[in-house]
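Below is one structure, written out as structure tokens; the observations come after it.
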Amino acid sequence: MRQSTSSRYFGLIWVDGTRLIDLESADDVVLIDSDVKRLQELTTAVEQVASKVGLCVNSNKCRVMVSGGWEGSADIYASGATNETVEDFC
């Protein structure tokens, strides 16, 4: 994950200037950004690094949740498919 998130412009800026880029639990990962273009770049970077070690992103298990909204489409692509946009993860 570090290799794909090494760019300093991904994620949300905390009060102290650090960035929250992802949350991880077991084999689940939540990618975080406030911009759809950067989130797509981050998703693509994660896919590229994962493929180097024989892993892949299962687009059937991917979801996009927009909180607070952003301009334009919320379409994020993984493994060549558009991820479903959801209201919540419950």
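Taking the criterion of being farther than 18 Å from A81 by Cβ and small (G, A, S), the residues of the stretch 17-69 that qualify are G17, S25, A26, S34, G54, S67, G68, G69.
When residues in the stretch 19-74 are screened for being loosely packed, with under 10 Cβ neighbours inside 10 Å and touching a Leu at 6+ places or on another chain (Cβ under 8 Å), 0 of them pass. A count restricted to the stretch 45-85 and to residues that are within 15 Å of I32 (Cβ to Cβ), part of a loop (DSSP other than H, G, I, E, B) and within 14 Å of the chain's Cα centre (by Cα) stands at 6.
Out of all the residues in the stretch 10-27, which are part of a loop (DSSP other than H, G, I, E, B), under 13 Å from R38 (Cβ atoms) and not aliphatic (A, V, I, L, M)? Matches in the stretch 10-27: F10, G11. In the stretch 9-26, the residues that are free of Cβ contacts under 8 Å to residues at least 60 places away in the same chain reach residues that are in a strand (DSSP E or B) and charged (D, E, K, R) with C-beta atoms within less than 6 angstrom, at least six apart or across chains, in these pairs: G11/R19; I13/R19. The residues of the stretch 28-44 that are touching a residue at least 12 places away in the same chain (Cβ under 8 Å), β-branched (V, I, T) and in a strand (DSSP E or B) amount to a single one, V29.
A quick yes/no check of all residues on (1) in contact with a Gly (Cβ under 9 Å, 6 or more places away or on another chain); (2) on the phi > 0 side of the Ramachandran plot; (3) modelled with pLDDT of 90 or more:
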| site | (1), (2), (3) |
| --- | --- |
| R8 | no, no, no |
| G17 | no, yes, no |
| V29 | no, no, no |
| A45 | no, no, yes |
| K52 | no, no, yes |
| V64 | no, no, no |
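Do we have D88 as assigned to a loop (DSSP other than H, G, I, E, B) and surrounded by 13 or more Cβ atoms within 10 Å (Cβ to Cβ) here? For D88, the condition - assigned to a loop (DSSP other than H, G, I, E, B) and surrounded by 13 or more Cβ atoms within 10 Å (Cβ to Cβ) - is not met.
The values are calculated or read from the model by the stated rules, or taken from the named source; none is laboratory data. The model shown is predicted, which means the values in this text are computed figures rather than measured ones. Quick reminder, even Gly has a Cβ in these numbers, built from the backbone with ideal geometry, and neighbours come from all protein chains shown.
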